[in-house]
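Input: a single structure, listed below in structure tokens.
Derivation of every value follows stated rules applied to the coordinates shown; laboratory data play no part. Small disclaimer: the values here were computed from a predicted structure and weren't measured. Neighbour counts are summed over all protein chains in view; Cβ atoms, including those assigned to glycine, are modelled from backbone coordinates with ideal geometry.
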Amino acid sequence: MADAALPVESLAAELGAIVGARHVLTRPSTLLAYESDALPGYHKRPRLAVFPGSQDELVAVVRRLAKDGLPFVARGAGTGLSGGALADDAVLIGVQRLRRIIAIDAEARTATVEPGVVNATLTRAAAAFGLHYAPDPSSQAACTLGGNVAENAGGPHCLKYGVTLNHVLRAHVVLPDGELVTLDRGDQGGYDLLGAFVGSEGCFGIATELTLKLTPNPEAVLTMLADFTSVAAAAEATSRMIAAGIVPAALELMDQATIRAVEESIYAAGYPIDAAAVLLVEVDGPRAGLEADANAVSEICRAAGAREVKRASDAAAREKLWQGRKKAFGAMGRVAPHLVVQDAVVPRTQLAALLNDIASIGERHGVRVCNVFHAGDGNLHPNIPYDANDADESARVHAAMQQIMTRCIDAGGTITGEHGVGLDKLPYMERLFTADTLDAMCTLRETFDPARRANPGKVVPLHSCREWNGLPALRGGASS
Amino acid sequence: MVRDASGGLRIRGAGTWMHVGAPVIASQELHLDAFAGVRRYTPGDLTISVGAATTLAELDVTTRAQGQWCPLLPWGDDRGTIGATLATATTGPFAEALGRPRDLVLGVECVDGRGRIVRAGGRVVKNVAGFDLTRLMIGSWGTLGVITEVHLRLRARPSADVTLMVEGAASEAMRRFVHGALPPLAALPLGEGIARTLGHAGPGSWLLRLGGNAEQVAAARAALARLGACLELAPESWDIVRRELAPEPRAASWPWTPLMQRVRAAFDPRGVLNPGLLAERAA
């Protein structure tokens, strides 16, 4: 594994010869920015950071590291929320200089891009063709498509349009040992190794080039804000919409704590501050029939107890409603210095019960939980603003989060819907999956990376991997 | 049985795929009949868990009663099982609009070639916990694991659902319609043979399915009426089309890359699952 004896200076010089000396960082002061991602409370210093400027340079860097068996961590914009891009004494490979949009094929509705292209940049480039890239994480103005693929990122509009997995058609990948492979969905035969790669959190290799699906812009969009006097009523309206078969483009819930934080910030969107919860509902598609969909949404909200259902009158009003939602995490920055952004998914019929339990868990631990989440998918984001320098408060936040995750697992849900396991969720993996299943995940990782050098120590707890000895795992006295 | 297998195992659902692919070198057949039936169905969540040997017909009857469907509607016959549909990643005429197996499966339970009981994914509609063994199993033709149970995403049936035969439409005009603002669930150019089977012999005809709310479907219908002569057919026409036009599966012509060979060797090191089916020895 890592050759600790290899001096950082000589490695830096060799990598500098590949990418240019100024694109290699070794000094602790310059590495500081790469010690964390968007998850608070974790700091890991990379051994050094290297930023290739072309696909060839990226491949050459990976091959150089393979020669000495050095561990590495790929990083996009560092907006991840699970600690996935933290490099503990490993080499950090930043892809943000690989930002070429190689081609947009408007007829086939595809784009071919390098992994460092920013999500929103692709949508802007596609706009000229009446197209957009559908997955829209809240960090889309900063996050990279390579990072999106590694995390299988979601976003509000994934309710109707699907997550990153559903929008990746092909990936060129450099495996940790330097081998170049092209992964696809297996449409022409072959295992769906593209499906395995998407969401592998940087543990299977680094994408050098991605072919992505572009989505036609809808002919019309209607955005509504429904305002409720109880969170349970908003959750109930959500469950009823899903059960009725309405598929809004997006269906987001924000509770009172979130509404207040947004309205007191520069992102004020005009949400009613006395509401216990609001639903932000968007329907889109052909102009014909859209009014009928919007009316159905309004009726369901009112029947579930909404005080008012407001409609954005124009594009500017719609933008404002969305701004509050997308900047809600930022707005919470005013409330406390740190923020835990959690991520879990539960069956959509259980939303109201879960939110009620989350509120009691928060009260029991004396912490303030703010909910702002993709209600239509059952994808919760219970967030807690706190001060990480306050040891007592940090401990209470941690305990509350643990109980919330346990409650979500017990409800038949999962521990992450779009942020990934990274470092943060490792402790829950053994609660969620059986030992055999975790072992099979280790097997899959080892086919891509036998030495486990890519993003070591993430996603699956190391002790869950049985020693691979080339023999079948026989149990219960069975013999072969 | 996988753990104890001394020779090859031939995996069998309803037996509708057994003629496909290269010859399997197997001493025993592994019948999955015991893994049939609905395990858990919560209509309000639009998710269902069923045994792998559940037939597509049973899945359709169960979900239809709640105004829902599993919109895979693959090429072939509804006597086939959901397990085989996923194992072969069989798509159908609605795949572009409504999703492929990889888009509609939330999780699978399987026994891999090393005898491990793997419970991949889950029952919720969004899930990125751990490495994606679900996508790995889909389309692997049973050579990595035997699927025993699946968790599926369902959709509400569209409130308006109309099947039309359109005759005399110019193909460029039809292409523009399909890629336009009112995309159909499916649009299929029909040869003379299948057109006759459906009871209409016009040349250059298309079969379309429109779905959505009543206004959307009416608008799409009006647009189509300007392109050619429209005849409404029963939705069951699609069952005939799926049976009659099913393409030959490509099992035996796999492009075996070194990475794929490593995956196969890692998950089924003794080569007990459908050995030979994908002509892996020749690779």
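Given that compact globular proteins tend to follow 2.2 N^0.38 Å, what is the ratio of the alpha-carbon Rg of region A:1-71 to that value?
1.14
Just list whichever of A:K160/A:K326; A:K213/A:K320; A:K44/A:K458; A:K160/A:K213 have alpha carbons separated by over 23 Å in the model shown.
Over 23 Å apart, Cα to Cα: A:K213/A:K320.
For helix B:214-225, what angle does its Cα long axis make with the longest principal axis of chain B, in degrees from 0 to 90 and rounded to 10?
For helix B:214-225, the angle is close to 70 degrees.
Calculate, axis by axis, the spread of Cα positions in region A:28-127 along the three principal axes, and write the results as whole Å, longest axis first.
Principal axes ranked by extent give 46, 34, 21 Å for the Cα atoms.
Any idea what the dipole of region B:64-196 comes to, in debye rounded to 20, about its Cα centre with Lys/Arg Cβ at +1 and Asp/Glu Cβ at -1?
Result for region B:64-196 is approximately 440 debye, rounded to the nearest 20.
For each of B:V38, A:V73, B:V263, count neighbouring Cβ atoms within 10 Å of the residue's Cβ, then give the residues from fewest to most.
The order, fewest Cβ neighbours first, is B:V38, B:V263, A:V73.
Roughly how crowded by other chains is peptide A:440-450, in terms of the mean Cβ count from those chains within 10 Å of each of its Cβ atoms?
6
In percent, what relative contact order does chain B have, based on Cα pairs under 8 Å that are 6 or more apart in sequence?
Computed over chain B, the figure is 24 percent.
For A:A17 and A:S313 in the same chain, what is the full-extension length gain: residue separation times 0.36 nm, less their Cα-Cα distance, in nm?
Roughly 100.9 nm would be gained on extension.
Using DSSP, restrict attention to beta bridges with both residues in chain B and report what percent are antiparallel, rounded to the nearest 5.
Given both bridge residues lie in chain B, the antiparallel proportion sits at roughly 90 percent.
Please give the Cα centre distance for region B:173-239 versus region B:23-69, rounded to the nearest Å.
That distance is 30 Å.
Average partner chain C-beta neighbours within 10 Å, per residue of A:237-247?
Shielding by partners across A:237-247 averages 3.
Calculate how many DSSP beta bridges within chain A are antiparallel, expressed in % of all such bridges and rounded to the nearest 5.
90 percent
Take the Cα gyration tensor of region A:220-410, multiply each eigenvalue by 5, square-root it, and list the three semi-axes largest first, rounded to whole angstrom.
29, 19, 13
So, by mean Cβ neighbours within 10 angstrom, what's the order for A:284-290, A:389-395 with the highest one leading?
A:284-290, A:389-395
Taking the beta-carbon count within 10 Å as an exposure proxy, list A:C203, A:C465, B:C70, B:C110 from fewest neighbours to most.
Ordered from fewest to most neighbouring Cβ atoms within 10 Å, A:C203, A:C465, B:C70, B:C110 come out as A:C465, B:C70, A:C203, B:C110.
Run the simple label-point estimate for B:A225 and B:Q28 please: 7 Å along Cα→C-beta, distance reported in nm.
According to this spin-label approximation, the distance is 6.3 nm.
Have a look at B:A65, B:M137, B:A87 and report the one farthest towards the positive end of the charge dipole of region B:62-194, computed about the Cα centre with Cβ charges (Lys/Arg +1, Asp/Glu -1).
Value computed over the given set: B:M137.
Check chain A for me: any Cys whose beta-carbon has no other cysteine beta-carbon within less than 4.7 Å?
If one checks each Cβ against the other cysteines of chain A, A:C143, A:C158, A:C203, A:C301, A:C370, A:C408 turn up with nothing under 4.7 Å.
Find the relative contact order for chain A and round it to a whole percent, using C-alpha pairs within less than 8 Å whose residues are 6+ positions apart.
Taking the mean separation of contacting Cα pairs over the length of chain A, I get 15 percent.
Considering only DSSP beta bridges where both residues belong to region A:16-108, give the percentage that are antiparallel (nearest 5).
20 percent
Let me understand the protein assembly as shown better: what is its radius of gyration from the alpha carbons, and its Dmax, in angstrom?
Spelled out, the Cα radius of gyration and Dmax of the protein assembly as shown are 26.0, 79 Å.
Label A:R466 and B:R262 with points 7 Å out from Cα along Cα→Cβ: what is the distance between them in nm?
Distance between the two pseudo-spin positions: 2.2 nm.
Using only Cα atoms, tell me the angle between helix A:435-448 and the longest principal axis of chain A; keep it within 0 to 90° and round to the nearest 10.
60 degrees
Using the number of other C-beta atoms within 10 angstrom as an exposure proxy, rank A:K44, A:K67, B:K126 with the fewest first.
A:K67, A:K44, B:K126
For region A:101-216, calculate the relative contact order in percent as a whole number, restricting contacts to Cα pairs under 8 Å that are 6 or more residues apart.
31 percent
Using all C-alpha to C-alpha distances in region A:184-273, build P(r) with 5 Å bins and read off the rounded percent in each one.
Over region A:184-273, the share of Cα pairs per 5 Å bin runs 2, 9, 13, 13, 10, 11, 14, 14, 9, 4, 1 percent.
Using only atoms on other chains, find how many Cβ atoms lie within 10 Å of each Cβ of peptide B:213-225 and report the average.
Rounded to a whole number, the mean comes out at 3.
Once the Cα atoms of helix A:391-410 and of chain A are each reduced to a long axis, what angle between those two axes, in degrees from 0 to 90 to the nearest 10, is obtained?
80 degrees
Using the basic label-point model (7 angstrom from Cα toward the beta carbon), what is the A:A103 to A:Q403 distance in nanometres?
With each label placed 7 Å out from Cα toward Cβ, I get 5.6 nm.
Cα centroid distance between region A:357-414 and region A:174-190, in Å?
For region A:357-414 versus region A:174-190, the Cα centre distance is 39 Å.
Just to check I understand the Karplus step: with θ = phi - 60° and J = 6.51 cos²θ - 1.76 cosθ + 1.60, what whole-Hz values come out for region B:205-212, glycine and proline as x?
With the stated coefficients, region B:205-212 comes to 9, 10, 10, 10, 10, 10, x, x Hz.
Compute, for the protein assembly as shown, the length of the dipole vector about the Cα centre, with Cβ point charges of +1 (Lys, Arg) and -1 (Asp, Glu) only. Units Debye, rounded to 20.
400 debye
Place a +1 charge on the Cβ of each Lys and Arg in region B:237-283 and a -1 charge on the Cβ of each Asp and Glu, then give the dipole magnitude about the Cα centre in debye, rounded to the nearest 20.
For this selection, approximately 200 debye.
Which of the aspartates and glutamates could be linked to A:K327 by a straight reach, that is with a Cα gap under 17 Å, when you skip same-chain ones fewer than 8 residues away?
Answer for A:K327, where 17 Å is the Cα cut-off: A:D136, A:E252, A:D255, A:E263, A:E264, A:E319, A:D343, listed by chain and number.
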